[in-house]
Amino acid sequence: MRATSFFYLSIILGPVTSQQIWDIWQTTWDRSKLFTSLAPSAPINFATPGPIGSADIVVNDATKYQSIAGFGGSLTDSSALTLNNLKSKNSGNYWNLLGYMFGPTYGANSAGLNYIRVPIGSSDFSASLYSLDDTSGDTSFSNFNINKIPSYVFSVLKDIQSINNAIKIHLTPWSPPGWMKDSGTMNGGSIKSQYVGTPYATYLLKAVQGFQNQGLPVYAISIQNEPQNSNPTYPTCTMTPTVEGQIATSLRSLLNANSLSNVKVVGYEHNWDDAGAYPVQLMNSAANAYAGVAFHCYAGSVSNQDQFHNAYPSKAIYFTECSGTFGSDWWSDIKWYIDNLWVGSLEHFSQSGLMWNIALDGNGNPKLPGTNSCGGPGCRPLVTVNSDGSYSFNQEFYSMAQASKAIIPKDPGGPFGQRIGVSVGGSLSWALRVGAYVTGRVSSTDWLQYSIVVLNWDDSASTTWNPQPVTTTIEFRGMQATYTFPVGVTTLWWFAPATGANVASAAKNTTEEAVINIRASNSEYPGRNVTIPQSKATYIRP
């Protein structure tokens, strides 16, 4: 709901089953609105249906799909260093940035990002090569040291956790220690056969335990980042599905034996183009070890995710990496991200939506010395942080924020959103790209939240530039609302009783008038005072 000073508002409803749209967030093609709450002065009402609009969105809450784990990005060593340097340079800006990205409070001016991928050891965005045990032959791992990970990684993670205690941490190794590989280095090569299974799985177990001991619970761990990537200029490791499956089977057993059965094991972590082969072979050989698989965007099509889903519909799909490139077109990128990632990947059964680096400088640095990763103009992060302590959010963030806002919990500790059925009709059905979600409540008597994320890409960009708003009807449970979507991305939601008993109870009282007291307040994050200006949440350290 809108974040304002305290007030009470009594609304007289006719039938208590009618719904109203009060909450609208928007990012427009011309950047006149950037993840902006419109806070309408009057609600948009669902009423008796009339003629449909130029587009007609039909939300079908009877059809339910996967629950959404969340949105976010990777906290590489470079991202953590960039943010830590900002904290030293301008701590106010640091807390403002983290609050705007990760603040989970319902109705606050923040995106509520919550899913963070963290490398185990060095990646192409580290200051140097390192693993968590660089002592050759140390299969007892007596020299394993979680603190080989730079201290600023843990510091920034804990600061994010202090803002959003619902963060999900997903660990991913770019390579085993060099002494475990036939290349003798973390760069390129493959794991030696004698370390497949328990030896390397023990290393990964210790990484999970190391994060847990830091007070950072681990949600998931992948076996290998991009197992078909053999780039020799940064940490990589090729693995066959058989080898990866053997490691996963051993790791699953070790996690279970060490009271970590809730930690998910995730496979593949590579591109869409091989979705019907490698990850399927992985499940064929070791399905019991895996919660599911993860995909990246760098080759293939998002629809390829269906090849895996159709083969193993009970297994989870995660989308965990994509990167923008400096110099690309802002609005074209927004369209691509919504179409392929924040609506598209979820439409093809993903439970998460992540970009690559959370934060870097304006040149996409710092990177591992000597790497050719992210060549050319450089990889663009969610937020660019400048040496003077200023920062700017990029199109990756704004598009993602619109999607995240639709699925974050309504109640503290409550569930995230779940994808539901939606279709688009009308003469301009092609102009809208839509995802729909329902968010449950902690109390069974509270109304559920129904949200839609809508991309209007009717800009005639392929001919003559001519952005056109689309007047749209929204159909829900036999009622209809109307809204005109500008060219851009719009997220809006309403509340309705759950189906079944709650609907029956509501129907019983449709002849009665209901008076509902709504209380709204300044959103507050635990431990910090927060004001809500139009564009950013401002944190003041206690």
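Where a number appears in this text, it was derived from the coordinates with a stated rule and is not lab data. Every value quoted in this text rests on a predicted model; they were computed, and no experiment measured them. Neighbour counts are summed over all protein chains in view; Cβ atoms, including those assigned to glycine, are modelled from backbone coordinates with ideal geometry.
Side notes on the structure shown:
- Relative pair counts by distance (%), Cα atoms of region 67-112, 5 Å bins: 6, 20, 21, 25, 18, 8, 3, 1
- Additional length obtainable on full extension of the chain from Asn386 to Tyr65, 0.36 nm per residue less Cα span: 111.5 nm
- Inter-label distance for Ser193 and Ser151, nm, one decimal - labels placed 7 Å from Cα along Cα-to-Cβ: 4.5 nm
- 12 Å reach of a label modelled at Thr482, 7 Å along Cα-to-Cβ, counting backbone N of region 435-475: 471-474
- Using the Stokes-Einstein relation with a Kirkwood hydrodynamic radius computed over Cα pairs, the translational diffusion coefficient of the chain at 37 °C and a viscosity of 0.692 mPa s comes to 136 µm²/s.
- Qualifying aspartates and glutamates (Cα of each under 18 Å from Cα of Lys33; at least 8 residues distant if same chain): Asp23, Asp329, Asp333, Glu396, Asp458, Asp459
- Angle in degrees between helix 241-257 and the longest Cα principal axis of the chain, rounded to the nearest 10: 80 degrees
- Residue-span extension gain [Ser462 to Lys89] - 0.36 nm each, minus C-alpha spacing: 129.9 nm
- Relative contact order of region 161-204: 22 percent, from C-alpha pairs under 8 Å at least 6 residues apart in sequence.
- Isolated cysteines in the chain, defined as those with no second cysteine Cβ under 4.7 Å, comprise Cys237.
- Estimated from the Cβ-Cβ distance and a Förster radius of 30 angstrom, the FRET efficiency linking Asp30 and Ser301 is about 0.55.
- The count of lysine pairs in region 69-406 whose Cα atoms are under 14 Å apart, excluding pairs fewer than 8 places apart on the same chain, comes to 6.
- With a Förster radius of 45 Å applied to the C-beta separation of Asp411 and Asn372, the computed FRET efficiency comes to 0.45.
- Approximate spin-label separation Gln214-Asp329, in nm, with each point projected 7 Å along Cα-to-Cβ: 4.1 nm
- Between 0 and 90°, nearest 10: helix 151-163 axis offset from the chain longest Cα axis: 20 degrees
- If both residues of a DSSP beta bridge must be in region 69-406, then about 15% of such bridges are antiparallel.
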